[in-house]
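Some notes on the structure that comes next.
Since every read-out is calculated from the coordinates, none of them should be taken as a lab result. Worth saying up front: this structure is predicted, and the values here are computed from it rather than measured. Note that we place each Cβ from the backbone using ideal geometry, even for glycine, and neighbour counts take in every protein chain shown.
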Amino acid sequence: MNSLPMPKSKKARLGCIGVVFLLLGLCGSGFLVQSVLGKQQPEISLAAEKIPLPFEVPIFGHEVPNTLPATWLTMLVLLGISALATRKMEMVPSGLQNGVEAIIEFFYGFLENVAGEKTRAFFPLVATFFFFILTSNWMGILPGYGSIGVWEEHHGERVLIPFLRSANADLSTTLALALVSVVAAQYFGFKMLGLPYLGRFFRFNRLITPFVRLRGRKRPRGRSELINFLLDFLIDLISGVVEVVVGFLELASELIKILSFSFRLFGNIFAGEVLLIVISFLFTFVASLPFMGLELFVGFIQALIFTMLSLIFFMMATMGHGLEESH
């Protein structure tokens, strides 16, 4: 078994030792600060925490999940940027209007390479997915998210209930986004292809065809003709049954997309939150900054993945591939 290569120069060895001691020092200072300030080990909750309220809110009662105000804050930021960028529209844009138009134009051109002439129909929803998910993910690492809240008794222990938690760290939010994406794919498919689109899921034509042919066919004469007739009928019947099963599998796959979409986005954002909580607990000061940079990258990639998968599913729903046999 090969050992790790060791630096040969004295300066390199001292540098490695210094990095190790720096990491140990940051870790030790983290525990020291927490012991002095009386901080407890961070509480990691899979579900969104409930913020207690002194008044009643419709539907939620006296408690609301802390991802709800974060969701509204994300929408408020997006609406605020849109309002400021379009407040004084000019033919030759400048300032914020120029920046927003440049981003929108670049994103539209990027999607056009995939969707072609259908981009105009898909762009409003797809762009909404991307900018909402991206903004929510990036706002989730801002100071105050997960660190400012109220102390409550939970299972006999005093835990901090944060006022804000990244919206996509709640399965309810990602499930709603996935549901909108899958339903929109069916809407676009039905809108562009009409009733034949339903033939993607309900393929009964080939199952009925053998019986229709049976009515107009002459009675077989002789044993060989009878055997050939029965074989043709059996093959057509089996093909029809297979088509029906494939249609139901297509329908099931659409439902499974909801789960895969929601858990993929939720899992990655929640894992990032847990990573930042653990790192901030173990280390202090600047040690968590590289991980915040990593979360910025992951937040962008997850927004892009969700957006591109939605666009691809919209394209697949409107292609009409394989529907000819259902006519």
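Applying both filters, DSSP loop and at most 16 other Cβ atoms within 10 Å, to the trypsin sites (Lys or Arg not before Pro) of region 75-176 gives 87, 88.
Between the beta carbons of residue 98 and residue 278, assuming R0 = 41 Å, the FRET efficiency works out to 0.50 to the nearest 0.05.
What does the charge add up to near residue 137, with Lys and Arg as +1, Asp and Glu as -1, over the other residues with Cβ less than 11 Å from its Cβ?
Values: positive: none; negative: 273, 295.
Taking every other residue near residue 137 into account, the sum is -2.
Maximal additional length on extending the residue 62-residue 227 stretch stands at 52.0 nm, based on 0.36 nm per residue less the C-alpha distance.
For region 73-111, GluC sites (Glu not before Pro) are listed when DSSP marks them as loop and at most 15 other Cβ atoms sit within 10 Å of their Cβ; the list is 90.
Want the number for residue 245 to residue 264: 0.36 nm per residue separation, take away the alpha-carbon distance, what's left?
Details: separation 19, 0.36 × 19 = 6.84 nm, distance 2.77 nm.
The span from residue 245 to residue 264 would gain 4.1 nm if fully extended.
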